[in-house]
Amino acid sequence: MNTPQLIFFLLSSAGLTIIVTKSLIFKPIRDTFMPSAEIVGSLKMGWKPTGIHRIKAIILKWITCPLCLGMWAGVGVHYLLKTESGIVLCYGFSASLFSWVTWKLVGEGKTLQ
């Protein structure tokens, strides 16, 4: 992998990670795995989740943690870059990251003067 390919790989992986862990598009999916108030109360009292609650807790950590998901995003992007349609997706991931960084630098929603 040469330097431009590595940069594209890193931008794509980071873009995919931000899309899944922070975007409004994936918020309904992330919310699906949020524990109910009853479960949160039980957790505070020392209850350890089992069964489906444990699985949901693991998935929630995975899809809200940029470091956790970033590793798997890198694996996925590696395989996407081997296909023509996957490369198109990676351009989208890279553009998403660039747009998000630009938005953060501009001031999160402030209009340009």
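The values are calculated or read from the model by the stated rules, or taken from the named source; none is laboratory data. What you see is a predicted model; the values in this text were computed from it and never measured. Ideal geometry is used to build each Cβ from the backbone, glycine not excepted, and the neighbour counts take in all protein chains shown.
Looking across the range 26-48 at every residue that is without any contact (Cβ under 8 Å) to a residue 12 or more places away in the chain and not in a helix (DSSP H, G or I), the one that is nearest to Ala14 (Cα to Cα) is identified as Ser36.
Name the residues in the range 40-49 that are exposed (fewer than 15 other Cβ atoms within 10 Å of the Cβ), modelled with pLDDT under 80 and closer than 19 Å to Ile59 by Cβ, would you? Listed by number, the residues that qualify are Val40, Leu43, Trp47.
Please enumerate the residues belonging to the range 69-88 that are in a helix (DSSP H, G or I) and touching a residue at least 12 places away in the same chain (Cβ under 8 Å). Quick ask: steps written out before the conclusion?
Going through the range 69-88, the residues in a helix (DSSP H, G or I) turn out to be 69-80, 84-88.
Result: Leu69, Gly70, Ala73, Gly74, Gly76, Val77, His78, Leu80.
In the range 86-107, the residue that is modelled with the lowest pLDDT out of those that are loosely packed, with under 13 Cβ neighbours inside 10 Å and farther than 24 Å from Arg30 by Cβ is Gly107. With respect to (1) within 21 Å of the chain's Cα centre (by Cα); (2) of a type outside the set (Lys, Arg); (3) loosely packed, with under 14 Cβ neighbours inside 10 Å, the lone exception for Thr83 is condition (1). Could you tell me whether the range 60-68 includes any residue that is more than 14 Å from the chain's Cα centre (by Cα) and without any contact (Cβ under 8 Å) to a residue 12 or more places away in the chain? Looking for residues that are more than 14 Å from the chain's Cα centre (by Cα) and without any contact (Cβ under 8 Å) to a residue 12 or more places away in the chain, one finds none in the range 60-68, hence no. Among residues of the range 20-49 being of a type in the set (S, T, N, Q) and within 25 Å of the chain's Cα centre (by Cα), the one that is nearest to Ser96 (Cα to Cα) is Ser23. The sole residue among Lys27, Lys61 that is at pLDDT below 90 and within 27 Å of Gly86 (Cβ to Cβ) is Lys61. Selection of the range 50-65 for residues being out of contact with any Cys (no Cβ under 7 Å at 6 or more places or on another chain) and surrounded by 14 or more Cβ atoms within 10 Å (Cβ to Cβ) yields His53, Lys56, Ala57, Ile59, Leu60, Ile63, Thr64.
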